[in-house]
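The values are calculated or read from the model by the stated rules, or taken from the named source; none is laboratory data. Quick caveat: nothing in here was measured; it's all calculated off a predicted structure. FYI the Cβ positions are ideal-geometry reconstructions off the backbone, even for glycines, and counts take in every protein chain you see. SASA here: full protein model, heavy atoms, side chains in, ligands and nucleic acids out. Shrake-Rupley method; radii C 1.70, N 1.55, O 1.52, S 1.80 Å.
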Amino acid sequence: MPAEIRLFMIGSDNYGVLLHDPATGATASIDAGEAAPIAAELEAAGWRLTDILVTHHHGDHVAGVEALKARYGARVTAPAHDRDRVPGVDATVREGDAVAVGTLKGAVIETPGHTLGHVAYHFAGEKLLFSGDTLFALGCGRLFEGTPAQMWNSLSKLAALPGDTKVYCGHEYTLSNARFALRYDGANPALVARAAEVERMRAENRFTVPSTIAEERATNPFLRAGDPAVAAAIGLPGASPADVFAALREAKNRG
Ligand code: ZN
Ligand code: FE
């Protein structure tokens, strides 16, 4: 039986995601920024929380962990690097480790950059990626702890996943990301079309998540740092993709 997903907002722009295995009834919350909206979503679905898969230690991703664990007895899986910065950790994971939600099988991809311990969870059989604050729709996370080279490497790993992988990210930042992307890749027809669609969707307050790896490869400027047009647009023709990526991230930080 295929996995079921519920996607909802937590606060103004954090995404909540529940991953449910109908074969066993197991249900995971990817991160847990706030307990109440996650519990409400579980109740609405009639699902019982068995797992919390943490991508990184930031409060908007873990502040609800303890309350949910107390209420449901859910098992908390977190990056080994963040063992002391995530509450209630039961299991720690590293690159390539397996995770299971009932019969659904996932693998851990270490993606340092936004934070040093950040991980993504890839469920290959379900074609699902939970990318946290590493890869956003049309964007990427800020570099709070890691270097641009680390983040470029992390994003490159995610970009190499199969194109039909659905990408569930941690925040709805897509409109601002789309407007930024057009400044450096405005001659890319796939981006122009996607940006227009994002403008329409956000005007109707619709979710722009999930996207796919193929869409991100074609339109996300941070994944297109190796494209000569993007390098030229940021004023670094001929530079390495990692250097172009660093310059793009700097430009995005400035607004
Ligand atoms: Zn974060
Ligand atoms: Fe976040």
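Among the candidates GLY146, GLY125, which residue alone is among the small types (Gly, Ala, Ser), open to solvent by 10 Å² or more (accessible area, probe 1.4 Å) and in contact with a Pro (Cβ under 8 Å, 6 or more places away or on another chain)? First the steps, then the outcome.
Numbers: GLY125 fails: in contact with a Pro (Cβ under 8 Å, 6 or more places away or on another chain).
One residue alone meets the criteria, GLY146.
Identify, from the list LYS157, LYS105, the residue that is closer than 27 Å to PRO221 by Cβ, among the basic types (Lys, Arg) and either open to solvent by 20 Å² or more (accessible area, probe 1.4 Å) or touching a Phe, Trp or Tyr at 6+ places or on another chain (Cβ under 7 Å) (or both). It would help to see each step written out before you state the result.
Values: LYS105 fails: closer than 27 Å to PRO221 by Cβ.
From the options LYS157, LYS105, the qualifying one is LYS157.
Residue-level check: of (1) more than 14 Å from VAL17 (Cβ to Cβ); (2) away from ligand 2 (no atom under 16 Å from the Cβ); (3) surrounded by fewer than 20 Cβ atoms within 10 Å (Cβ to Cβ), ALA63 misses just (2). Go through the range 34-58 and give me each residue that's away from ligand 1 (no atom under 16 Å from the Cβ), farther than 13 Å from LYS69 by Cα and open to solvent by less than 20 Å² (accessible area, probe 1.4 Å). Across the range 34-58, the qualifying residue is only LEU42. Check whether at least one residue in the range 161-180 is in contact (Cβ under 8 Å) with a residue 12 or more places away in the chain, part of a helix (DSSP H, G or I) and over 19 Å from PHE207 (Cβ atoms), and report yes or no. Checked against the condition, which is being in contact (Cβ under 8 Å) with a residue 12 or more places away in the chain, part of a helix (DSSP H, G or I) and over 19 Å from PHE207 (Cβ atoms), the range 161-180 yields at least one hit.
Scanning the range 234-255 for residues that are farther than 29 Å from TYR168 by Cβ and not polar (S, T, N, Q) returns GLY235, LEU236, PRO237, GLY238, ALA239, ASP243.
Listed conditions (1) within 21 Å of the chain's Cα centre (by Cα); (2) more than 14 Å from ligand 1 (Cβ to nearest atom) are all met by LYS69, apart from (1).
Taking the criterion of being more than 11 Å from ligand 1 (Cβ to nearest atom) and assigned to a strand (DSSP E or B), the residues of the range 123-144 that qualify are PHE123, LEU128, LEU129, PHE130, SER131, LEU135, GLY139, CYS140.
May I ask you to say which residue of LEU223, LEU236 is open to solvent by less than 40 Å² (accessible area, probe 1.4 Å) and either modelled with pLDDT under 95 or touching a helix residue (DSSP H, G or I) at 6+ places or on another chain (Cβ under 7 Å) (or both)? Quick ask: steps written out before the conclusion?
Values: LEU236 fails: open to solvent by less than 40 Å² (accessible area, probe 1.4 Å).
After ruling out the rest, the residue left standing is LEU223.
Within the range 190-204, residues that are under 13 Å from GLU172 (Cβ atoms) reach partners that are open to solvent by 60 Å² or more (accessible area, probe 1.4 Å) and not in a helix (DSSP H, G or I) with beta carbons closer than 8 Å, at six or more positions or on different chains, in the pairs MET201/PHE207. In this structure, ASP31 does satisfy being on the phi > 0 side of the Ramachandran plot and surrounded by 15 or more Cβ atoms within 10 Å (Cβ to Cβ).
Kindly indicate whether VAL76 is away from ligand 1 (no atom under 16 Å from the Cβ) and in contact with a strand residue (DSSP E or B) (Cβ under 6 Å, 6 or more places away or on another chain). So VAL76 passes the test.
Of all the criteria given as (1) crowded, with 21+ Cβ neighbours inside 10 Å; (2) away from ligand 1 (no atom under 12 Å from the Cβ); (3) over 16 Å from the mean Cα position of the chain (by Cα), the one not satisfied by ASP82 is (2).
Against the test of being under 18 Å from the mean Cα position of the chain (by Cα), surrounded by 20 or more Cβ atoms within 10 Å (Cβ to Cβ) and part of a helix (DSSP H, G or I), the options ARG217, ARG249 yield a single qualifying residue, ARG249.
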